[in-house]
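A single structure is presented below for examination.
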Amino acid sequence: MGRTIAQAAAALVLVLLVLLVVRLPWAGDLGIHAATVQRLRHSLLDPGNPLVDADTPSPYYSPWMLVLGGTARVTGLDVFTVLRLAGAAGLVLLVTGIWRYIRTLSAHPAAPALALLSLLLLWGTTPFLWSGFLGLNSLALTVAYPSTFTLGLAFHFWAWLTGALRGNAGGGWGVWLGLGVLWGVILLCHQFSGVVASVGAVATVVAARASGRGVWLRLGVAVAAGVVVLWAWPYYDFFALLRAGEGLESVHRVLYAEPVARYGLVLVGVAALVPRWLRDRRDPLVVFFGLGALVVSAGWLTGHYSWGRALSAALVPAQLGAALAVVGAERSVGAAVAGSGSVGASGVGRRRWVRGGWAVLVGGALLVGGWAQVGTLGYVVPRDGLPEVVEERYRVPWAGYRWITPWVRYGDVVMAEGRSARQVPAYGAYTVAPGYPDFFLSDEGRRAALTDVYFAERTPESVRREVEREFGVRWVVDRRGVLGGTALRVVARGPEGEVLYAVP
């Protein structure tokens, strides 16, 4: 009965995620990923900066985005259609990766379903949205992001590495070269998720108690192969990103705010790791959690708040630990009975009570976590069709800027600020200042400062004309109504009160 309930609940969640792929609600970073596909669709070899009219490299030009850009170029499909395909591929990769990895930890039929539910629902009482975090509310808006695809690869990577260390994957040189190449691709596709994948890989090696010259030599070959992939990637210098931390710290400080509200339910999983630690100090989930917690704590203590993006390296093993606590006792009892026949009826009964206790605790936590994220339903159900108590938790996604495309053409430069600057490049235009931090753009600070000056209410018209000439601005999107009465010509008005101006 319990297995059926878990599998049915997981199936319903998957249906919701599939509907979200079709809907593709917009918030956060979808604009930069759409813009990246736009540039690659027009030029696979020399796409330039994805956001501004400049010839610079970009870490967004990853192997996965190259595939998506090539798909758009060859098929002629709309960028957002390609992103829906990316969301579907990422979802399939994630679900199959979770299944493969959890099978290295438990053979129980309900384990994969419970693992999926725990990863999506076992978070906190406040919905949290951030790329690379697998909460249901977060995944609803980031399913098409490279982070989802990369985390799916990471689960497959851990499963493959576990098999190789156990001798179940052949253990030949080709296997280890393949693992190294996959590790490099993961780091290139989404650097922060790549850190999580790396921490999980180290934990897997430690838990496997790898020994012998042959094993360490193969691991060395795998690492070398990954480094070669990183070094040879032509679209950006991966190792230069190691110097990008200073500009990211203030953005990521929020990851350390309100930990109980955002991640409090994960404590159930942390508690579930304790008996695993008592049984085996090198349990893979315990080591994984310990290393992840160490990285995140070091980020807090040293002020390197971008290290908080490795938080999934602590959350994932705890969430999986909670899922396995529900089924792990049954498997242990079966193994013990098969191995020695010495487990008495009282021992079996006691372990069943323990398993039942974990089922109640984890099940309750999943219900609380699911209710906290119930507003996600609003992305696929009409708002007026939601119960009032659910509607209160619904967050309206962003409206797009397709309404500017009858006038703004590919490659035009648009002066925009705030959310507009994060969305306009998705339709092929450039902005003056990038809507997202850009480590490789040397004049980013000046561009941002001039954009602020342009939209300041008391800026002289002559200054605005000078900025327009310098950057070749043809259009302006005004969200705040500060440009009314200027020499700019009104062309169109958007659904949220924005105004598109043509530059004289």
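Yes or no: LEU30 touching a strand residue (DSSP E or B) at 6+ places or on another chain (Cβ under 7 Å), in contact (Cβ under 8 Å) with a residue 12 or more places away in the chain and among the aliphatic types (A, V, I, L, M)?
It is false that LEU30 is touching a strand residue (DSSP E or B) at 6+ places or on another chain (Cβ under 7 Å), in contact (Cβ under 8 Å) with a residue 12 or more places away in the chain and among the aliphatic types (A, V, I, L, M).
Could you identify the single residue in SER58, SER43, SER62, SER106 that is under 15 Å from the mean Cα position of the chain (by Cα) and not hydrophobic (A, V, I, L, M, F, W, C)?
On inspection, the qualifying residue turns out to be SER62.
For residues in region 364-391 being surrounded by 14 or more Cβ atoms within 10 Å (Cβ to Cβ) and free of Cβ contacts under 8 Å to residues at least 12 places away in the same chain, which is farthest from the chain's Cα centre (by Cα)?
LEU386
Given the conditions (1) open to solvent by 30 Å² or more (accessible area, probe 1.4 Å); (2) touching a residue at least 60 places away in the same chain (Cβ under 8 Å), which single one is not true for ASP46?
(2)
Would you mind stating whether VAL316 is in a helix (DSSP H, G or I) and in contact (Cβ under 8 Å) with a residue 12 or more places away in the chain?
So VAL316 passes the test.
Now, a different point. Could you tell me whether any residue of region 158-169 is aromatic (Phe, Trp, Tyr) and buried (at least 24 other Cβ atoms within 10 Å of the Cβ)?
The answer is no; no qualifying residue exists.
Which residue is nearest to the chain's Cα centre (by Cα), if the candidates are limited to region 69-97 and must be open to solvent by less than 10 Å² (accessible area, probe 1.4 Å) and not small (Gly, Ala, Ser)?
LEU94
What is the residue count in region 143-195 for residues that are closer than 20 Å to PRO112 by Cβ, modelled with pLDDT of 95 or more and of a type in the set (S, T, N, Q)?
So the answer is 1.
Do we have any residue at all in region 291-300 that's open to solvent by 30 Å² or more (accessible area, probe 1.4 Å), within 24 Å of the chain's Cα centre (by Cα) and either over 24 Å from GLY135 (Cα atoms) or touching a residue at least 60 places away in the same chain (Cβ under 8 Å) (or both)?
Scanning region 291-300 turns up at least one residue that is open to solvent by 30 Å² or more (accessible area, probe 1.4 Å), within 24 Å of the chain's Cα centre (by Cα) and either over 24 Å from GLY135 (Cα atoms) or touching a residue at least 60 places away in the same chain (Cβ under 8 Å) (or both).
Checking the conditions here, which among VAL206, VAL229, VAL181 is under 25 Å from the mean Cα position of the chain (by Cα) and either crowded, with 19+ Cβ neighbours inside 10 Å or within 22 Å of ALA293 (Cα to Cα) (or both)?
VAL229
Turning to a different aspect of this structure: So, restricting to strands (runs of 3 or more DSSP E) that lie completely within region 397-504, which ones have at least 1 residues that are surrounded by 21 or more Cβ atoms within 10 Å (Cβ to Cβ), in contact with a Phe, Trp or Tyr (Cβ under 9 Å, 6 or more places away or on another chain) and β-branched (Val, Ile, Thr)?
In region 397-504, 413-415, 473-478 are the strands (runs of 3 or more DSSP E) which contain 1 or more residues that are surrounded by 21 or more Cβ atoms within 10 Å (Cβ to Cβ), in contact with a Phe, Trp or Tyr (Cβ under 9 Å, 6 or more places away or on another chain) and β-branched (Val, Ile, Thr).
The values are calculated or read from the model by the stated rules, or taken from the named source; none is laboratory data. Treat the numbers as computed from the prediction; the structure is a model and nothing was measured. Note that we place each Cβ from the backbone using ideal geometry, even for glycine, and neighbour counts take in every protein chain shown. What goes into the accessible areas is simple: the full protein's heavy atoms, side chains included, and nothing from ligands, DNA or RNA. Shrake-Rupley method; radii C 1.70, N 1.55, O 1.52, S 1.80 Å.
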